[in-house]
Each structure stands twice: as C-alpha cells, then as structure tokens.
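Engineer: One structure, pasted below without further comment.
The values are calculated or read from the model by the stated rules, or taken from the named source; none is laboratory data. Owing to the predicted nature of the structure, the values given are computational and were not obtained by experimental measurement. In this analysis, Cβ positions are derived from the backbone assuming ideal geometry, glycine residues included, and neighbour counts consider all displayed protein chains.
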Amino acid sequence: MTFVSRSKLKMFALFLAALSFGCSATKEFTEGGIGQPISAVTDRLGAPTRVMPDGKGGSIYIWEQWVPTGWYNGYLRTNKFFVDSNGIIYKWN
C-alpha cells in the first residue's frame, strides 16, 4: 500500500476543485453566451490568453488552460468566443 501525505491530498483536492470550477463557469457561458456581451465572460473568467481578429471586423477571445492528465502528460483546453464589432458574442467553440 502506498502512503500519500495529507498535504499532497489537500493539493490534489484543491486542484480538482479549481478544475471543476473552471469547467462549470465556461459551460455556463457557452450554453447561454450567444447574444451576450463579451464583458460578461471576461468579468467571470478574467482576461483571455489572447485576442485575435475574426476577419469580419470583430475579435476572437481565446482562453487556454493546461490540463494535466498524469506525470508530464496533459492537453491544452481552448475556449474561443467570437465577438462582433459591438462586443456581442455570436459564436463559441
């Protein structure tokens, strides 16, 4: 049987809590975000990782988060919100 210290268990529990909060917050905005101002998302999630033009006069707001899946393994979770020139979300993925 492997012994795991309490501090490691606490850190793991905090990590899982933070991960689940991020997922639920993003899901909340993606499900009802179309037609909403991008400020509603940035107020909740903070500043995006980057913003780039969408080619239609608007912007693409991108949030990226590294999700570890094991020792030195993981993937980059990306959420994109497409915003028109008035700051209104018209698409997400």
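Engineer: Could you list, in sequence order, the residues of region 22-65 that are hydrophobic (A, V, I, L, M, F, W, C) and modelled with pLDDT under 95? Steps first, answer last, please.
Structural biologist: Start the filter on region 22-65 by keeping residues that are hydrophobic (A, V, I, L, M, F, W, C), which leaves 23, 25, 29, 34, 38, 40-41, 45, 47, 51-52, 60, 62-63.
The answer is CYS23, ALA25, PHE29, ILE34, ALA40, VAL41, LEU45.
Engineer: For region 62-93, how many residues are touching a Ser or Thr at 6+ places or on another chain (Cβ under 6 Å) and of a type in the set (Phe, Trp, Tyr)? Walk me through how you get there before you give the answer.
Structural biologist: Step one: list which residues in region 62-93 are touching a Ser or Thr at 6+ places or on another chain (Cβ under 6 Å), which gives 62-64, 79, 83, 92.
Next, only the ones that are of a type in the set (Phe, Trp, Tyr) stay: 63, 92.
Final tally of qualifying residues: 2.
Engineer: Moving on. Identify all residues within region 59-93 that are hydrophobic (A, V, I, L, M, F, W, C) and either closer than 29 Å to GLY35 by Cβ or part of a strand (DSSP E or B) (or both); write none if there are none. Working first, answer last.
Structural biologist: The first filter runs over region 59-93 and keeps only residues hydrophobic (A, V, I, L, M, F, W, C), leaving 60, 62-63, 66-67, 71, 76, 81-83, 88-89, 92.
ILE60, ILE62, TRP63, TRP66, VAL67, LEU76, PHE81, PHE82, VAL83, ILE88, ILE89, TRP92 - these are the residues of region 59-93 that are hydrophobic (A, V, I, L, M, F, W, C) and either closer than 29 Å to GLY35 by Cβ or part of a strand (DSSP E or B) (or both).
Engineer: Quick check on my filter: what residues within region 41-86 are in contact with a helix residue (DSSP H, G or I) (Cβ under 9 Å, 6 or more places away or on another chain) and loosely packed, with under 14 Cβ neighbours inside 10 Å?
Structural biologist: Step one: of region 41-86, the residues in contact with a helix residue (DSSP H, G or I) (Cβ under 9 Å, 6 or more places away or on another chain) are 41, 44-45, 48, 59, 61, 63, 65, 67-68, 77, 79, 81, 83.
Across region 41-86, the qualifying residues are ARG44, VAL67, PRO68.
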